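The values are calculated or read from the model by the stated rules, or taken from the named source; none is laboratory data. All of these numbers come straight from a predicted model, not from anything done at the bench. With ideal geometry, Cβ positions are generated from the backbone for all residues, glycine too; neighbour counts draw on all protein chains shown. Accessible surface is based on the protein model in full, side chains and every heavy atom, while ligands, DNA and RNA are left aside. Shrake-Rupley method; radii C 1.70, N 1.55, O 1.52, S 1.80 Å.
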Amino acid sequence: MLITGMAFAQADVSGYTSKSTGCISGNCENDSGVYVFRNGNRYEGFFKQKEPDGKGKMIYKDGSVYEGDFAHGKMEGKGKLSYKNGNSYTGDFKNNRMNGRGIFLYSSGNQYVGDFLDDSKHGNGTFTFNDGSIYSGQFVDDIVQGKGTWRYANGDWYEGEFTNAHKNGKGIYHYQDGSSYEGDFINDIYNGRGKFVFSDSSIYLGEFRNDLFNGYGTCYYSNGDIYSGNFRDGLYSGQGTYAYNTGDRYSGTFLNNMFNGEGVYTDDNGVETITMYENGRAIGDSKVVDKTPVEPTTEIKNSGKENEEQKPSQITKVVCTFCNGKGKIYQPEVKRSRSVVKDISNGIGPRNFVTYSVMEVVKPAAYASCKFCGGNGYK
């Protein structure tokens, strides 16, 4: 945004006598007049000691026009500079450059209002784009740099740190649907630690890489479910625990949001079912572990004689009526609705996520040891 061809190094007007250049009307020494420079620029206004000084108008050879204050032959004070291409600046000038506060209007419809330093946007300002987007914040050498707020035309907005016009450092990105990300950014991408709040009020806390949940994190779903464990590219992958709002839970390995490998399902009574999974499907037999203490099945009868060795008495075995002597009780399969995360951005623009539910078998049908007889089939 530098101004070219607008310096007045030859501002002293003495010695010019040509009819086409020099002072063509008025007093060009200490009053008002019209002066044409050798480079083709034309000045109309007040002079002091043979230099433009005071109010005046400079028409440049390239078609640009400045109208405003001059001092010692330079633009100094308030003024308006209009470019041939339709751009214009209105505001403060110092030492022949835009310095201070001003408004820069682009022919494209963009607009900047704020601080300038040596013809560059520098300091605090607001840049309004022709699509309706607005950035308000800090600038350094004509570049968005530092802290600011960027409101996008689609209704999203970001507040935080910028480097070279990119989101870098700490910040919050708000989506128009109500979801948001707060945390670390690297070149506009979620990278590091962060918090994602979904539009349904579910919350993810944990690690991000390349805009996705990657590493260890915890999802607190709006229905009360909680997943804590490892993620890869936004999906449950690796070791994790999913706690259902019903009080039961699954702990084991996941792959792409599915049970994969050995896992333990614990119901709300504390009964554990160990199952091997492959891509969400149970393979082989499950093992049910009931940790309820088993009562002894033998009794000791006292002979009534002290210091005599006591021996177990003969006990008649009675078939357990709960398992019919099998020692095992059949338990049907258990299905649960589990929440998972889905990326809805399709790789276009900032990532955004939603939650949805999948129905799955968390406990396959299996036989459990009878806790009434201790698994031996007899009382």
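Computed from the Cβ-Cβ distance with R0 of 45 Å, the FRET efficiency linking Ile134 to Glu278 stands at 0.30.
Taking only the C-alpha atoms, wrap a convex hull around the stretch 161-216 and report its volume per residue in Å³ as a whole number.
About 64 Å³ per residue, rounded to a whole number.
Checking the Cα-Cα distances for Lys84/Lys147; Lys50/Lys94; Lys94/Lys170; Lys61/Lys147; Lys50/Lys80; Lys50/Lys121 against a 31 Å cut-off, the pairs over it are Lys84/Lys147; Lys94/Lys170; Lys61/Lys147; Lys50/Lys121.
From the square roots a ≥ b ≥ c of the eigenvalues of the alpha-carbon gyration tensor of the stretch 91-213, which class results: rounded (a/c under 1.5), prolate (a/b over b/c), or oblate? Verdict is prolate for the stretch 91-213.
For the stretch 202-241, calculate the relative contact order in percent as a whole number, restricting contacts to Cα pairs under 8 Å that are 6 or more residues apart.
It comes to 32 percent, rounded to a whole number.
Here the accessible area of the stretch 31-123 is 48 percent carbon and sulfur, with a 1.4 angstrom probe and all protein chains present. For the stretch 75-83, the Karplus equation 6.51 cos²θ - 1.76 cosθ + 1.60, evaluated at θ = phi - 60°, returns couplings of 5, 8, x, 9, x, 10, 10, 10, 8 Hz by residue, with Gly and Pro reported as x.
Put simply, when 162-173, 80-91, 20-31 are sorted by average Cβ atoms within 10 angstrom per residue, most first, you get 162-173, 80-91, 20-31.
Other residues with beta-carbon under 9 Å from the beta-carbon of Gly194 carry, at +1 per Lys or Arg and -1 per Asp or Glu, a net charge of -1.
Here the simple spin-label model places points 7 Å from the Cα toward Cβ, and for Lys195 and Asn154 these points are separated by 2.4 nm.
When the Cα gyration tensor is reduced to axis lengths a ≥ b ≥ c, the ratio a/c is 1.5 or higher for the stretch 221-285, and with a/b not above b/c it is classed as oblate.
Simple spin-label estimate for Lys317 and Asn269 gives 2.6 nm between the two label positions (7 Å along the Cα-to-Cβ direction from each Cα). In this Cβ point-charge picture (+1 for Lys and Arg, -1 for Asp and Glu), the stretch 61-113 has a dipole of about 80 debye about its Cα centre. Scaling the Cα radius of gyration of the stretch 155-255 by the globular reference 2.2 N^0.38 Å produces a ratio of 1.15. Counting only the Cα atoms, the stretch 38-130 fills a convex hull of 78 Å³ per residue. Couplings for the stretch 196-211, taken from phi via the Karplus curve 6.51 cos²θ - 1.76 cosθ + 1.60 with θ = phi - 60°, read 10, 9, 7, 5, 8, 6, 5, 9, 10, 10, x, 9, 10, 8, 6, 6 Hz in order; Gly and Pro are left as x.
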